[in-house]
Each structure stands twice: as C-alpha cells, then as structure tokens.
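The values are calculated or read from the model by the stated rules, or taken from the named source; none is laboratory data. Note that this is a predicted model, so its numbers are computed, not measured. Glycine also receives a Cβ, built like all others from the backbone with ideal geometry; neighbour counts cover every protein chain displayed. These accessible areas exclude ligands, DNA and RNA; they are computed on the full protein's heavy atoms, side chains included. Shrake-Rupley method; radii C 1.70, N 1.55, O 1.52, S 1.80 Å.
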Amino acid sequence: ADDVTGCPYVRGMWRLVFLLFLVLGLPRPVCAQNRPRDDARASTDSLQPGHWTTSGRWQTRRLPSRTGAVCLNGSPAVYHVRLVPGSDRWLMLFDGGGWCHEERACLKRLPGGPLSRLGGSQNAAPSTKSFAVALAHPSWPFHGYNLVTWHYCDGSSFLGNNEDPVPMGRNRVLFRGARILQEGIRDLRSSFGLGNASEVVLIGASAGGMAVMLNLGLWRRSLAPHTYLYGIMDGAFFMDFQRYRQGQRAAGTFIDALRLWNASSSLDPRCLARHPAWKCMLPQYFLDFVPADVPLFIIQTQYDSHALKVLVGTAKGRYPADEEARRISEVGDLFQRTLLRGNNTGLFLPGCGPASGIHTFLGRSYVASYLINGTSVLQAIHRWHRLQGLQPVRLAHLCAHPCKYRCIPGA
C-alpha cells in the first residue's frame, strides 16, 4: 500500500483532504520541515527576467570514465551547471536528439558523422536551445534556480546499460546512458549539495522528454524525501499507432532498442509486470506508472510533426488523399484520447494543424502568445507548479481533421 502522508506527497483520500483545505481557505496541513520557504518563493518572484540566463559562470563536470559513465564513442560524459548563490532549488534541462537504436542512426553520431556531437563529449558546451525562448521570458516560473544542462551523448534517453561494447563498422559503441545519469546525480549530490535541495524540476524536449518521464523513479529514489520533484516533457509523447506500419506497430523499433541498450533494467518494474518491456518505453503505456508523488506536465501538439512523419511520411502524394486523411486523423484522435484520459496533473495540448510542422513548443517564438482559454503554456506551467499537483491544470485546444489552424504566426 502507498505510504499516505502529507510530507510532502499527497495520495488517495489525502488529496481530497488537501483540496478541502484549499476551498475553505484554511492553512494546508504540510509538515513544516517540508514546506517550501516563503522567503525563497518571494525572492524568486522579485528576480528580473533571465536572472540566470544572462549572468553567472558555467562549470563543466566530466564524469570519471572508470564509473562507466561514457558517451557512445567512449569519451567521458559531461554535464554543465550554473549556480545561483543561496538557492536550494534546481532546474535540470534535457535536450532532444533522437535515438541510436540501429546501426544507421548510430553511425551518424560517431566520429566523422554529421551528428558526432550527439555521440561524444568533445567540445561539449552548455545548450538550452530547446528551451531558450521560455527561459528568458518574464512568465517563466523558475528564475533563480540552479541550472544544469545534461549533454546528450548516449543515444538512449539515459536508459542504456550495456556492459559490452557493440561492434558497428569499425567502431565499438557503448550504451551507458543509465550510468551517466546515476553518476551525474551522485556528483551533484557530493559536489553541489543536491541532496539538500528543496525542489528539483526536470524539463526535457523530444528524446530529452522521454529521459525525464522514464527516469522519474530514479530521480525520486535519488533525492531526499523532503525534496519536491516535478517533471515537464515537451513533444515527447511518442505513440504506438496500432493500425499502421504494416502491422508491426512500434514493437520492432523498441524491441531492437531494448536489446541493443540492455535497457530493461532501467524501466519501471511495475510496468514490466503488466506489459512487454518495449511498451514500458512508450509514454502512452508508461503514463499509468508515473510516481504518484511526482506532478507531471505534458506539452504535446495534437498533430505532432514527428508522428505525422512516421505515419504519413514526408513525400507528397505518398498515399491516396483519403488514406492520408485517415492517417492524419488517427494522429490527432489518439493524442486527444490518450492525453485527456491520462493521470498527469498538467497538460497543454495545442490544436496545431498538420501544416504547422510543430514537434516541440518551449523553444518557439510564440511560446507566450499561443493561448488556450486565454492562458499560455508558461502561465499554465506556473499555475500547475504553484498548486504542487493538488489540482490538475489541463488545457486543450481540440481541432478535428481537416484542421486548418496554424500555431505559427504568419504561416
């Protein structure tokens, strides 16, 4: 049975009790040692936009190779940290970059390949490209947090745990993403005091969003019981479109990735007890196993460009018009049905039509101007964060196909 406490987590009947306190205007029954400091919250609100995006010094931390925390090409994994004096709150950023799930995709990430920066740590620099617009906006709720960017070089959304190098051409490829994350957390605890954090917010885009969702359990176990943990995933809700792919569904891709990475040990055992391992890598199925004490916010466009590429393809006229329309409609309908029934506490589901070509949202110029019921995604995240998962913040702009609405101004 769940450990039912109010310090700081809220489960089952206790959630109703907490909501009653909110409605009646009574003080919330939260243990004093676990309550976020009022002075810390006040100081955050008074900071100028871009407080830590325009000042401060980045530190690059290279993890010891002897721990096995290495990139695909064997170079030591790195992360970058920028500290805010006096802050015990942390923001972890996970950029996207796809997967190294089969030889063709992996070779592009190895020395000489067009994506070699995603396979090694040479010349690795702090990157916030997937979140840059949101980070600098006045509505961003996490100004004043210590900032960590995790260099993505393992090709497995930090899930890989293969002891043996995998031969590919003239290369021997290492899949050690899980060790990178474990050793990085350990280093943050010992070198920067992460163990004393009052709050940790994880944000990931695309493959980085998968890294956030699928590793929430590891983060929860690695942090102190009093630490508030939040997850935000942007454009990372990859789906199993059952009717297409010549009947193969997503199983082939994910089974191959699991075998290559030896990633089963990184997946949630509760999910593995109910589903085949490959399904536990898909948010569509894993959503039911998100830790009950970790609020999760999902940002996902209804006609995601990556999903359309998988289901419809990029070549014009690849399918007859009626078949193409059915496939596009399947994308929108499945995102709508799955996300609206999900148990996540936060949702922003824009009805961007297929012509928008949108996959992730937080790095877009219109991140604060696109509104659902008068609310931007930044305002929705701010409200969700303030409520600490006690009440859902779920906004959806549903647009049935053929959806003509375009999220991109002027498109």
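Could you order the peptides 282-290, 200-208 from most to least packed, using the average number of other C-beta atoms within 10 Å per residue?
On the way: 282-290: 19.6, 200-208: 25.9.
Ranked from most to least packed, the peptides come out as 200-208, 282-290.
Order the following by accessible area, largest value first: 293, 234. Probe radius 1.4 Å; ligands, DNA and RNA are ignored.
Solvent-accessible surface, decreasing: 293, 234.
Across the stretch 265-376, how large is the tail of the calculated P(r) beyond 23 Å, expressed as a percent of all Cα pairs?
Working: 2537 of 6216 pairs.
Value for the stretch 265-376 (Cα pairs over 23 Å): 41 percent.
Output the Cα-based Rg and Dmax of the stretch 59-396 in Å, rounding Rg to one decimal and Dmax to a whole number.
Over the stretch 59-396's Cα set, Rg and Dmax evaluate to 19.3, 61 Å.
Using label points projected 7 Å from each Cα along Cα→Cβ, tell me how many nm separate residue 406 and residue 67, to one decimal.
4.8
If you stretched the chain out fully between residue 398 and residue 104, how much longer would it get, using 0.36 nm times the residue separation minus the C-alpha to C-alpha distance?
Answer, rounded to one decimal: 102.1 nm.
Grab the Cα-Cα distance for residue 319 and residue 136, subtract it from 0.36 nm times how many residues apart they are, and report the gain in nm with one decimal.
Working it through step by step, the gained length comes to 61.7 nm.
If r is the Cβ-Cβ distance from residue 309 to residue 340 and R0 is 30 Å, what FRET efficiency results, to the nearest 0.05? Intermediate results must be reported in sequence, preceding the final value.
Values: r = 24 Å, r/R0 = 0.79.
That gives a FRET efficiency of 0.80.
Between Rg and the Kirkwood Rh of the stretch 331-411, both from Cα atoms, what is the Rg to Rh ratio?
Here Rg/Rh amounts to 0.96.
Report the accessible area of residue 99, computed with a 1.4 Å probe over the heavy atoms of all protein chains in place, in Å² rounded to the nearest 10.
Looks like 40 Å² after rounding.
Rounded to a whole number, what is D in µm²/s for the stretch 153-295 from Stokes-Einstein with the Kirkwood radius over alpha-carbon pairs (4 °C, 1.567 mPa s)?
It comes out at roughly 80 µm²/s.
So, R0 is 45 Å and r is the distance between the beta-carbons of residue 123 and residue 288; what FRET efficiency does that work out to, to 0.05?
0.65
At R0 = 41 Å, how high is the FRET efficiency between residue 189 and residue 333 if r is their beta carbon distance? Nearest 0.05 is fine.
0.40
Between residue 270 and residue 256, what is the label-to-label distance in nm when each label sits 7 Å out along the Cα-to-Cβ direction?
3.2
Sorted by accessible area with a 1.4 angstrom probe, largest first, how do 108, 404 fall?
404, 108
Could you work out what % of the accessible surface of the stretch 59-396 is carbon and sulfur, using a 1.4 angstrom probe and leaving DNA, RNA and ligands out of the count?
Working: 6010 of 12460 Å².
That share works out to 48 percent.
Could the peptides 112-122, 300-310 be put in order, highest first, of the mean number of other beta-carbon atoms found within 10 Å of their residues?
300-310, 112-122
Full extension from residue 373 to residue 58: what is 0.36 nm times the residue separation minus their Cα-Cα distance, to one decimal in nm?
109.6 nm
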